[in-house]
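Have a look at the structure below before the remarks.
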Number of protein chains: 4
Amino acid sequence: MGVQREPVRSDARRSRAALLEAAAAEFVTAGVDAPVRAIAARAGVGVGTVYRHFPTRPDLVVAVYRHQVEGCAAAARTCLDAGPTPFDALVAWVGEFVDLLVTKHGLVAMLVHDDGRSAALHELFLERLLPAGEGIVRAAQEAGQLPSDVTAYEVLRGIGNLCFGAEADSAYDARRAVGFFLAGLRVA
Amino acid sequence: MGVQREPVRSDARRSRAALLEAAAAEFVTAGVDAPVRAIAARAGVGVGTVYRHFPTRPDLVVAVYRHQVEGCAAAARTCLDAGPTPFDALVAWVGEFVDLLVTKHGLVAMLVHDDGRSAALHELFLERLLPAGEGIVRAAQEAGQLPSDVTAYEVLRGIGNLCFGAEADSAYDARRAVGFFLAGLRVA
Amino acid sequence: MGVQREPVRSDARRSRAALLEAAAAEFVTAGVDAPVRAIAARAGVGVGTVYRHFPTRPDLVVAVYRHQVEGCAAAARTCLDAGPTPFDALVAWVGEFVDLLVTKHGLVAMLVHDDGRSAALHELFLERLLPAGEGIVRAAQEAGQLPSDVTAYEVLRGIGNLCFGAEADSAYDARRAVGFFLAGLRVA
Amino acid sequence: MGVQREPVRSDARRSRAALLEAAAAEFVTAGVDAPVRAIAARAGVGVGTVYRHFPTRPDLVVAVYRHQVEGCAAAARTCLDAGPTPFDALVAWVGEFVDLLVTKHGLVAMLVHDDGRSAALHELFLERLLPAGEGIVRAAQEAGQLPSDVTAYEVLRGIGNLCFGAEADSAYDARRAVGFFLAGLRVA
DNA sequence: GATGAATGAGGATTCATTCAT
DNA sequence: AATGAATGAATCCTCATTCAT
């Protein structure tokens, strides 16, 4: 429950950092279901250490991505302040959101909650990114730039979906697709 | 390679039909990665029979969905003839395409070719649906209703992506999202 | 549920026989909790084969010992017919029972039902040996050679307990101990 | 080897006491094979502390039960003095012995020396309880109440065996069984 | 002395795939 | 052609024990 605490002992801190880095790398290669052994080996620790730090796989996945997710959520404020209009802010922030999703392979799984494994990730999404998106979406709606019945959830979900498998396919440009999607959402 | 032939012996024909039905049912329940054993059991045959008819999993997946895919591809012609404008035809045909994707759990894997397993499915997509989509997209471009630099591939891919995990999430309406996407694509 | 069926295919029959023998041998050496791997290796089969034939460990344990247990249960009739008095029959049959327990290392677990693992063994005991014992005990009670309030269960349980770890300890003679126990039970 | 000394530093004394209490509690719940971690956690100390105080598990088990064992051994003298006859003393003392075994889950392992883990416990038995039993048995033999060839070891071992798993099984009364055993030992 | 992080051996179990029957 | 037994790699997870802090 709540944010993972930074360990106090130096060896534990080192292990944890190595694990996060190794897991992030493995996730890119093999997805969030990468074998625990592979992660441990890459981090140069034993499997037991993985389990000590992250008792369940979702714990690890969440920890790996929390930083980036927090950063993205924080950017929403900046975008709102900077953009000439709320819709511009939305476009700018969605750019960050898309960057997050296409570079961090596996993060998109966060959005679809179909299997039980991604539940924790989904929760992270709901708790952090959704509120950020809601702020911008609401502003755009109040400015009359988005339909009033559109929810932040469906906007972010749609964008997230458009990012699936974007890296692997050079014939598909997720950012361009998201551009169309946003254009279709815009009022007037 | 190429279309699976219908077996000549009656018992083989029966096995094949039972397998297709069983696989379709299992795919709905457990996804396209459903254990071979489960499929064989549901079909009332041995696992060896599964491998005889469908040497690889994609062979089975393709066989299961080929019929519907063919039907969807054929609908393109009808839509083009019926729709007042090519864009209307596109909208109508995309409706069929979306129906196919959201009801046949696992068919979306057809679009992403990331892991080796979906190669055959992806091929099916490239061979059947893409040409169908290209016809409509080209027509819409010639009518000035779609940007000239848009490819049928990216359109179908985007739409396909928007359908991921749609069934499982009542807060997300894939058809609505696809509507925004198409609206964003429309010229004028 | 019920008796394990003999497989029809020759390779399966061979595997099953090899497994039963190997398991029996391993049980002697390492107890009924012997690693599945060790049993498989000794039988010259893969671990998967163990699981195919005996999905759970108790299934294997029961199968290993069922034969001997059946034999012992059957001996009750013979003893009753042979013995001059019911108590003599009891003594004779208990001799067989003790032989079974001290030679088949791990079979004593049959009596205690503390952990879930021995449930199946305990059931085997209740279904086969207990009825056999009850026949003799009842006869002895009717002949006035045993207290009327004694149950076959407590008699067999006591005897079984006395057999714990008998092999390993040369300073302790289970048969002698059982002799004292029976002597203490005898009336007059 | 030999008796564990009481530590001098106050914190060490506190740790040791907490560990003994925690271990006793865990042993009741989970048996003498309770995870070291669980014991340490209950005592509110680190696992390292467990190993410092009790290098091996038997060391801990012995320490936990030494008190009760000493008490039981001491009772032999009292019983001998009190009982009308040596056999009465034996019966009385065995009552204490049985109480010890059935209430202290896992202490029965003291009697069987099959695996290496219980070596220390077995030694405790040989050093403390066996001499106590020998005193009474010898007295009973001299009074002609026990066969002269019976050893205290086999008497205590038999009784100990009869106590296995007594708590868990309401259909089996260890004390009653021990009563039969003693009755069978009695001469005349 | 105390701590608890790290280790890694050990054991269980599943399932895709091959191949004897 | 059909069967399903056999295989064993792959993966998970636990826990006793050591050792750096």
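General observations
- Each Cα pair under 8 Å and six or more residues apart adds its separation to the average, and for chain A the resulting relative contact order is 19 percent.
- Formal net charge of residues neighbouring C:Pro86 (Cβ-Cβ distance under 15 Å; K, R +1; D, E -1): -1
- Residues of the protein assembly as shown: accessible area per residue with a 1.4 Å probe, Å²: 47 Å²
- Database remark: amide H of C:Leu146 closer than 5 angstrom to the amide H of C:Gln141, C:Val187 (H placed geometrically; neighbours at sequence offset of 5 or more, or on other chains; Pro and chain starts carry no H).
- For the chain pair D and C, buried accessible area totals roughly 2000 Å², probe 1.4 Å, rounded to the nearest 100.
- Separation of the B:Thr85 and A:Asp88 label points, Cα + 7 Å toward Cβ, nm: 3.1 nm
- Carbon plus sulfur fraction of accessible area for the range B:32-138, probe 1.4 Å, in percent: 55 percent
- Whole-Hz Karplus values for the range A:23-33 come out as 5, 4, 5, 5, 4, 5, 6, 10, x, 6, 9 Hz, taken residue by residue from phi with 6.51 cos²θ - 1.76 cosθ + 1.60 and θ = phi - 60°; glycine and proline positions read x.
- Dividing the mean sequence gap of close Cα pairs (under 8 Å, 6+ apart) by how many residues the range C:103-188 holds gives a relative contact order of 27 percent.
- The string of couplings for the range C:50-59 from the Karplus curve (6.51, -1.76, 1.60, θ = phi - 60°) is 4, 5, 5, 6, 9, x, 10, 4, x, 4 Hz, one whole number per residue in order, with x for Gly and Pro.
- Take the Cβ atoms of B:Glu134 and B:Ala25, set R0 to 25 Å, and the FRET efficiency comes out at 0.15.
- In chain B, the calculated helix contribution to ellipticity at 222 nm averages -21000 deg cm²/dmol per residue, counting -39,500 (n - 2.57) for every DSSP H run with n ≥ 4.
- The distance between label points at A:His67 and A:Ala183 comes to 3.7 nm (points 7 Å beyond Cα on the Cα→Cβ vector).
- Result for chain A in a Gaussian network model with C-alpha springs under 10 Å: among A:Ala139, A:Ala82, A:Ala24, the largest mean-square fluctuation is at A:Ala82.
- Gained length - C:Glu127 relative to C:Ser148, 0.36 nm times residue gap less alpha-carbon distance: 5.3 nm
- Taking every C-alpha pair closer than 8 Å and separated by at least 6 residues, the mean separation divided by the residue count of the range D:1-55 gives a relative contact order of 30 percent.
- Couplings 3J(HN,Hα) for the range D:13-18, derived from phi with the Karplus relation 6.51 cos²θ - 1.76 cosθ + 1.60 (θ = phi - 60°), are 4, 5, 4, 4, 5, 4 Hz, where x marks Gly and Pro.
- Computed label-point distance, nm, for sites B:Arg14 and C:Arg77 using a 7 Å Cα→Cβ extension: 4.4 nm
The values are calculated or read from the model by the stated rules, or taken from the named source; none is laboratory data. Note that the coordinates shown come from a computational prediction; the quantities given were computed from them, not determined experimentally. Note: ideal-geometry Cβ built from the backbone for every residue, glycine included; neighbour counts use all protein chains shown. Calculation scope for accessible area: heavy atoms of the full protein, side chains included, ligands and nucleic acids excluded. Shrake-Rupley method; radii C 1.70, N 1.55, O 1.52, S 1.80 Å.
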